[in-house]
1. Checking Thr77 against (1) outside any loop (DSSP other than H, G, I, E, B); (2) within 16 Å of the ligand (Cβ to nearest atom), which single condition isn't satisfied?
2. Between a first residue in the range 69-80 that is free of Cβ contacts under 8 Å to residues at least 60 places away in the same chain and under 22 Å from His148 (Cα atoms) and a second residue that is near the ligand (Cβ under 8 Å from one of its atoms) and of a type outside the set (Ser, Thr, Tyr), which pairs have beta carbons less than 6 Å apart while being 6 or more apart in sequence or on different chains?
3. For the condition out of contact with any Phe, Trp or Tyr (no Cβ under 8 Å at 6 or more places or on another chain), assigned to a loop (DSSP other than H, G, I, E, B) and more than 16 Å from the ligand (Cβ to nearest atom), what is the one hit in Gly112, Gly93?
4. Does the range 140-149 contain any residue that is touching a helix residue (DSSP H, G or I) at 6+ places or on another chain (Cβ under 6 Å) and part of a helix (DSSP H, G or I)?
5. Of the numbered conditions (1) surrounded by fewer than 19 Cβ atoms within 10 Å (Cβ to Cβ); (2) more than 16 Å from the ligand (Cβ to nearest atom); (3) at negative phi, Ala30 fails exactly one; give the number of that condition.
6. Here are Arg52, Arg35: which of them is surrounded by fewer than 16 Cβ atoms within 10 Å (Cβ to Cβ), touching a residue at least 40 places away in the same chain (Cβ under 8 Å) and not in a loop (DSSP other than H, G, I, E, B)?
7. Taking helices (runs of 4 or more DSSP H) that fall entirely within the range 280-358, which contain at least 1 residues that are among the polar types (S, T, N, Q) and within 16 Å of the ligand (Cβ to nearest atom)?
Amino acid sequence: MPRPPHTAHPELQSVLDRAAAGGRITPEEALDLYRHAPLHALGSAADAARRRRYAGTEHIATYIIERNINYTNVCVTACKFCAFYAPPKSDKGWSRDLEEILRRCAETVELGGTQIMFQGGHHPDYGVEYYEEHFSAIKAAYPQLVIHSLGASEVEHMARISKVSVEEAISRIHAAGLDSFAGAGAELLPERPRKAIAPLKESGERWLEIMETAHNLGVESTTTMLMGTGETNAERIEHLRMIRDVQDRTGGFRAFIPYTYQPQNNHLKGRTQTTVFEYLRIIAVARLFLDNVAHIQGSWLTTGKEAGQLTLHYGADDLGSVMLEENVVSSAGAKHRSNLLELIHLIRAAGRTPAQRATTYEHLAVHDDPANDPVDARVASHIASTAIEGGTAHPELRLIATT
Ligand code: SF4
């Protein structure tokens with residue numbers, strides 16, 4: 001009798017059962033699951049792995065309130081998927097001054113944000129000193145804000161500009177106020193797809209080496225993956241393997257955050273893209289394969305709110321942030337927006353209890369009772385996108401009306 005389409009072949013099912021029970025699977029097995037496991041069977045195993053890891057709090061899914069602050073769009077690295085950067089000397093280039101950055105931090109605090117993501121291009125003049133000055137100024141003014149920012153690519157760039165080692169660069173910006181690395185710039189770590197989309201970036205091995213150095217210096221991070229620029233399924237799994245190997249040595253990656261390529265305003269011109277189906281599969285395989293990474297985040301910003309909800313049933317335990325401000329992936333076409341009440345509702349409607357979390361994933365507020373949900377209409381996504389007609393990453397963006 002033929003198997004129902006939602007049940008896995010017995011050999012695949014035994015791999016799913018082992019992973020769901022906390023056993024380790026090989027990269028070859030992960031690729032097999034990614035390619036061949038029925039979607040529901042894959043999701044079911046990943047959800048079992050999530051519930052097992054969070055036994056006692058498995059009913060909770062988290063979110064954070066944060067703001068991306070873009071300090072410059074000037075960049076010498078010219079990634080082919082990027083719609084945000086402007087080359088040096090371009091009349092489209094801009095940089096924010098410190099006063100403007102501090103104003104944005106003030107609004108973040110006022111709106112209950114706990115974290116900022118300082119995000120920008122590889123400016124040819126910005127070395128370690130630039131980041132020391134800015135992080136120490138932010139921490140002096142707003143010590144309660146967690147600076148969860150940058151990644152190995154920025155470290156490599158600033159160390160080169162300042163002619164210091166990456167160890168020194170990391171130690172100095174950490175001392176100045178950087179709390180943890182956001183892990184942007186991972187893109188695709190395997191050599192072929194990385195060279196195809198970001199030929200001027202450091203290699204994937206170098207990216208991981210710098211993150212490992214950071215972990216060894218006591219600076220933890222999250223890590224990311226950009227899907228949909230033409231990478232193969234095997235390269236997606238190889239990306240996960242490279243992360244897992246480093247994590248076995250350091251334990252410094254707090255979370256894995258895959259997100260999808262956005263096709264507007266960039267050199268790749270949307271010739272290749274990925275689908276929600278593939279996104280759910282990678283979320284599930286990541287939960288099963290990355291047995292040493294605690295948190296898996298679903299990206300509602302790039303895949304949509306409904307897909308974000310679904311990720312909570314495919315292994316994700318976190319739905320990212322309200323995104324008080326976002327200008328980078330929205331410039332490439334991500335137009336999804338949300339707000340605090342809606343994000344809470346999305347999580348609850350997916351069958352989970354929403355909880356606001358800290359950068360380090362502690363629960364700051366568990367929303368057990370809808371009657372007590374926080375109400376502040378100002379806590380909403382503001383997307384100043386160059387992809388929207390008339391839109392721009394406008395330097396005057398204000399989240400709080402001034403009288
Ligand atoms: S992704 Fe980052 S490094 Fe690459 S071009 Fe855009 S701003 Fe520059």
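The values are calculated or read from the model by the stated rules, or taken from the named source; none is laboratory data. Remember, it's a predicted structure, so these values are computed and weren't measured experimentally. Positions of Cβ are generated from backbone atoms using ideal geometry, with glycine treated the same way; all protein chains shown enter the neighbour counts.
1. Every listed condition holds for Thr77 apart from (1).
2. Thr72/Gly120; Thr72/Gly121; Val74/Gly121; Cys75/Gly121; Cys75/His122
3. So the residue among Gly112, Gly93 that is out of contact with any Phe, Trp or Tyr (no Cβ under 8 Å at 6 or more places or on another chain), assigned to a loop (DSSP other than H, G, I, E, B) and more than 16 Å from the ligand (Cβ to nearest atom) is Gly112.
4. Yes, some residue in the range 140-149 is touching a helix residue (DSSP H, G or I) at 6+ places or on another chain (Cβ under 6 Å) and part of a helix (DSSP H, G or I).
5. Unmet condition: (1).
6. The match here is Arg35.
7. Fully inside the range 280-358 and qualifying: 300-303.
Matching residues to (1) modelled with pLDDT of 95 or more; (2) in contact with a Ser or Thr (Cβ under 9 Å, 6 or more places away or on another chain); (3) hydrophobic (A, V, I, L, M, F, W, C):
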| site | (1), (2), (3) |
| --- | --- |
| Leu290 | yes, no, yes |
| Trp300 | no, yes, yes |
| Ala307 | no, yes, yes |
| Gly315 | yes, no, no |
| Ala334 | no, yes, yes |
| Glu362 | yes, no, no |
| Ala365 | yes, no, yes |
| Ala371 | no, no, yes |
| Ser381 | no, yes, no |
